[in-house]
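The values are calculated or read from the model by the stated rules, or taken from the named source; none is laboratory data. All figures in this text were calculated on a predicted structure; none of them were measured in a lab. Positions of Cβ are generated from backbone atoms using ideal geometry, with glycine treated the same way; all protein chains shown enter the neighbour counts. The accessibility values were calculated without ligands, DNA or RNA, using every heavy atom of the protein model including side chains. Shrake-Rupley method; radii C 1.70, N 1.55, O 1.52, S 1.80 Å.
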There are 2 protein chains.
Amino acid sequence: MPQFSLQEFSLVYNAFSFTFAAMFAAFIFLVLSRNNIAPQYRNAITMSSLVVAIAAYHYFRIFESWQSAFALNVVDGGAASYIASGAPFNDAYRYIDWLLTVPLLVAELIAVMALAPGKKGGMTFRLALAAVLMIILGYPGEVATDTGTRALWGFISTLPFIYIVYELFVGLGSAVNAETGQAKVLVRNIRLLLLATWGFYPIVYLLPIVFGNTGISPSLIIAVQVGYCIADVAAKAGYGLMIYSIARVKSVQEGYDPAAKLAVASGD
Amino acid sequence: MPQFSLQEFSLVYNAFSFTFAAMFAAFIFLVLSRNNIAPQYRNAITMSSLVVAIAAYHYFRIFESWQSAFALNVVDGGAASYIASGAPFNDAYRYIDWLLTVPLLVAELIAVMALAPGKKGGMTFRLALAAVLMIILGYPGEVATDTGTRALWGFISTLPFIYIVYELFVGLGSAVNAETGQAKVLVRNIRLLLLATWGFYPIVYLLPIVFGNTGISPSLIIAVQVGYCIADVAAKAGYGLMIYSIARVKSVQEGYDPAAKLAVASGD
């Protein structure tokens with residue numbers, strides 16, 4: 001790790017803290033708002049809340065890891081800075097996080113969509129399996145020290161990614177068309193959100209190939225870490241709120257009224 | 001950071017601890033009391049609980065940052081004191097907190113008011129956007145080292161603030177008049193609470209312009225930090241409890257009775 005000014009160090013530190021707070025707040029929102037959703041879509045909300053809870057946990061750890069990777073260096077008469085403490089900054093938290101959350105992200109999308117019940121299970125299984133393969137196959141390249149190995153595993157892990165995109169845009173085409181009104185607009189938008197946010201990760205993956213490991217400057221590290229935060233907030237908390245919106249719109253379309261239900265039926 | 005006596009250091013430290021405890025307690029209250037509120041107003045309570053949860057988290061961090069920014073200095077035969085450790089006191093937590101909570105504060109007010117459903121979305125979006133702009137545009141001035149830059153950004157960020165105040169007092173005028181009985185009194189009061197508490201922040205913002213950065217004494221730092229705590233507890237926990245009161249009064253006015261509901265149903 002290179003040397004950072006106090007401002008540079010704090011920018012990354014505050015981005016991690018912001019991301020933790022956003023994930024944690026999204027978790028509270030999803031848990032408290034479950035009752036607004038018709039029972040048939042609550043699994044999607046449950047999975048969304050798991051995703052942001054897991055992400056909040058990992059950002060808490062990443063935040064701590066960032067702190068421990070640096071030591072404050074106070075120089076008499078000079079500007080204080082943060083230098084490498086020797087402890088590694090643990091990037092593996094991200095992979096562990098993705099291994100748990102990415103299958104859930106595809107599963108929660110299937111769970112709110114108008115698929116025949118018999119089709120949901122198979123589709124969820126295939127997409128979740130592809131998501132797990134995508135993460136696992138990317139990892140050997142992430143920890144590789146040479147560019148060739150990184151490029152090879154990066155290429156292999158792109159194959160399940162392409163399969164996921166294919167299923168979302170072609171395989172689910174008729175299910176998307178079966179949605180009506182605002183739900184249809186939202187389902188289309190969430191697929192685009194997924195594609196746009198997930199597209200950020202391969203770009204970061206390619207950086208050491210483009211710049212070489214030694215060419216990665218402090219400002220590039222800052223851009224990557226802050227970029228990951230923005231992509232993660234959009235891909236998990238933002239995505240979770242869109243899943244909530246879809247489930248809410250469909251609950252209303254299908255005549256679900258939490259107030260009416262509460263008057264005659266059991267609590268939640 | 002200047003030198004503080006043990007008493008001065010502890011005063012700020014205890015103010016942060018008090019604020020954390022107040023926010024956390026408000027969070028528990030709001031979550032536990034949601035069922036007293038009619039379903040159509042529960043979103044407002046959910047948002048209130050998010051605000052105090054996010055604030056509790058940030059006060060926990062601010063508390064830790066205050067501790068790490070100082071080192072105990074014990075002198076033989078002299079009074080012990082706290083001197084700067086070199087680690088920065090991270091004021092940016094406040095901006096991150098505001099970025100997440102201020103849009104929610106305006107949104108929760110709209111959510112409890114008697115606005116036509118079609119108008120709520122647009123009004124919430126405009127006010128939340130203005131709130132975000134207000135925070136973002138204030139930040140470059142906060143971190144600026146020269147007075148002119150601070151004054152410029154401070155002025156620019158005042159514009160969305162004026163827009164928010166205008167919408168609350170003029171744009172929402174007819175909605176306030178549509179309220180009846182105690183709800184009308186409470187809605188009028190909460191607007192004044194919002195104006196009074198939010199008014200504290202620009203005053204603090206102006207201090208380095210009035211006194212100059214070098215003229216900021218330990219006692220002024222203490223006044224600002226303790227002042228922020230009081231303003232935040234009033235603007236978030238106090239405001240959240242007023243939102244709860246409005247929602248409770250309106251729930252009763254509209255015939256919602258949680259006891260009746262629970263009597264016929266199995267409850268939650």
Problem - Meets criteria (more than 13 Å from chain B (Cβ to nearest Cβ), modelled with pLDDT of 85 or more and in a helix (DSSP H, G or I)) for A:GLY240 - result: yes
Exercise for the section: Kindly indicate the residue of region B:88-97 that is assigned to a loop (DSSP other than H, G, I, E, B) and either among the aromatic types (Phe, Trp, Tyr) or facing another protein chain (nearest Cβ under 8 Å) (or both) and also most open to solvent (accessible area, probe 1.4 Å) among those meeting that condition. Expected result: B:PRO88
Practice task
Given the conditions (1) farther than 26 Å from B:VAL170 by Cα; (2) within 11 Å of chain A (Cβ to nearest Cβ), report the number of the one that B:TYR59 does not fulfil.
Solution key: (2)
Handout entry: The lone exception for A:PHE63 - which of (1) assigned to a helix (DSSP H, G or I); (2) open to solvent by 40 Å² or more (accessible area, probe 1.4 Å); (3) at pLDDT below 95 it fails
Key = (2)
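Which of the residues that make up region A:221-255 are hydroxyl-bearing (Ser, Thr, Tyr) and closer than 28 Å to A:PHE89 by Cα?
Restricting attention to region A:221-255, the residues satisfying the condition of being hydroxyl-bearing (Ser, Thr, Tyr) are A:228, A:239, A:244-245, A:251.
Of everything in region A:221-255, those that are hydroxyl-bearing (Ser, Thr, Tyr) and closer than 28 Å to A:PHE89 by Cα turn out to be A:TYR228, A:TYR239.
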Practice task
Please give the number of the condition B:THR124 fails out of (1) within 13 Å of another protein chain (Cβ to nearest Cβ); (2) open to solvent by 30 Å² or more (accessible area, probe 1.4 Å); (3) of a type in the set (Val, Ile, Thr); (4) closer than 26 Å to B:VAL185 by Cβ.
Solution key: (1)
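Rundown of residues vs (1) open to solvent by less than 40 Å² (accessible area, probe 1.4 Å); (2) within 13 Å of the chain's Cα centre (by Cα); (3) not aliphatic (A, V, I, L, M), yes/no style:
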{"position": "A:ASN189", "(1), (2), (3)": "no, no, yes"}
{"position": "A:LEU192", "(1), (2), (3)": "no, no, no"}
{"position": "A:GLY199", "(1), (2), (3)": "yes, yes, yes"}
{"position": "A:TYR205", "(1), (2), (3)": "yes, no, yes"}
{"position": "A:ILE209", "(1), (2), (3)": "no, no, no"}
{"position": "A:ILE216", "(1), (2), (3)": "no, no, no"}
{"position": "A:ALA235", "(1), (2), (3)": "yes, yes, no"}
Completion exercise
Restricting attention to region A:20-34, the residues that are within 7 Å of chain B (Cβ to nearest Cβ) and either open to solvent by less than 30 Å² (accessible area, probe 1.4 Å) or within 10 Å of A:ALA56 (Cα to Cα) (or both) number exactly 7
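Taking the residues in region B:66-87 that are within 10 Å of chain A (Cβ to nearest Cβ) and either under 25 Å from the mean Cα position of the chain (by Cα) or within 20 Å of B:ILE222 (Cβ to Cβ) (or both) as candidates, determine which candidate is modelled with the highest pLDDT. Spell out the reasoning first.
Of the residues in region B:66-87, the ones within 10 Å of chain A (Cβ to nearest Cβ) are B:68, B:84-87.
Within this subset, residues satisfying the condition of being either under 25 Å from the mean Cα position of the chain (by Cα) or within 20 Å of B:ILE222 (Cβ to Cβ) (or both) are B:68, B:84-85, B:87.
Values: B:SER68: 90, B:ALA84: 87, B:SER85: 85, B:ALA87: 83.
My answer is B:SER68.
Determine, yes or no, whether A:THR149 is open to solvent by 20 Å² or more (accessible area, probe 1.4 Å) and among the polar types (S, T, N, Q).
Details: open to solvent by 20 Å² or more (accessible area, probe 1.4 Å): yes; among the polar types (S, T, N, Q): yes.
In short, yes.
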Exercise for the section: Might you check whether a residue that is on the phi > 0 side of the Ramachandran plot and open to solvent by 50 Å² or more (accessible area, probe 1.4 Å) occurs anywhere in region A:71-86? Expected result: yes
Completion exercise
The number of residues in region A:58-88 that are in contact (Cβ under 8 Å) with a residue 40 or more places away in the chain, closer than 23 Å to A:THR19 by Cα and touching a helix residue (DSSP H, G or I) at 6+ places or on another chain (Cβ under 8 Å) is 8
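Residues to consider are B:GLY255, B:GLY171; find the one that is on the phi > 0 side of the Ramachandran plot and open to solvent by 20 Å² or more (accessible area, probe 1.4 Å). Let's see the steps before the verdict.
Working: B:GLY171 fails: on the phi > 0 side of the Ramachandran plot.
Within the list B:GLY255, B:GLY171, the selection yields B:GLY255.
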Practice task
Would you mind stating whether B:ILE54 is more than 9 Å from every other protein chain (Cβ to nearest Cβ), in contact with a helix residue (DSSP H, G or I) (Cβ under 6 Å, 6 or more places away or on another chain) and of a type in the set (A, V, I, L, M)?
Solution key: no
Problem - Pairs where the first residue, in region A:1-19, is away from chain B (no Cβ under 12 Å) and the second is part of a loop (DSSP other than H, G, I, E, B), C-beta under 8 Å, 6+ apart - result: A:MET1/A:ALA69; A:MET1/A:PHE89; A:PRO2/A:SER217
Practice task
Would you check if A:ARG42 is under 23 Å from the mean Cα position of the chain (by Cα), within 12 Å of chain B (Cβ to nearest Cβ) and not small (Gly, Ala, Ser)?
Solution key: no
Handout entry: Number of the exception - A:VAL132 against (1) open to solvent by 30 Å² or more (accessible area, probe 1.4 Å); (2) at pLDDT below 90
Key = (2)
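Suppose we filter A:ALA107, A:ALA114 for residues that are touching a residue at least 60 places away in the same chain (Cβ under 8 Å) and either assigned to a helix (DSSP H, G or I) or open to solvent by 50 Å² or more (accessible area, probe 1.4 Å) (or both); which single one remains? I'd like the intermediate steps shown before the answer.
Details: A:ALA114 fails: either assigned to a helix (DSSP H, G or I) or open to solvent by 50 Å² or more (accessible area, probe 1.4 Å) (or both).
Exactly one residue qualifies, and that residue is A:ALA107.
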Practice task
For B:ALA44, indicate whether it is under 26 Å from B:SER217 (Cβ atoms) and either of a type in the set (A, V, I, L, M) or modelled with pLDDT of 95 or more (or both).
Solution key: no
Fill in the blank from the handout: (1) within 30 Å of B:GLU8 (Cβ to Cβ); (2) of a type outside the set (Lys, Arg); (3) open to solvent by 30 Å² or more (accessible area, probe 1.4 Å); (4) under 23 Å from the mean Cα position of the chain (by Cα) all hold for B:LEU100 apart from (1)
Practice task
Scan (1) touching a residue at least 40 places away in the same chain (Cβ under 8 Å); (2) closer than 28 Å to B:SER48 by Cα for the single condition A:LEU32 breaks and write down its number.
Solution key: (1)
Problem - Subset of region A:4-39 (residues that are of a type in the set (S, T, N, Q) and touching a helix residue (DSSP H, G or I) at 6+ places or on another chain (Cβ under 7 Å)) - result: A:SER10, A:ASN14, A:SER17, A:THR19, A:SER33, A:ASN35, A:ASN36
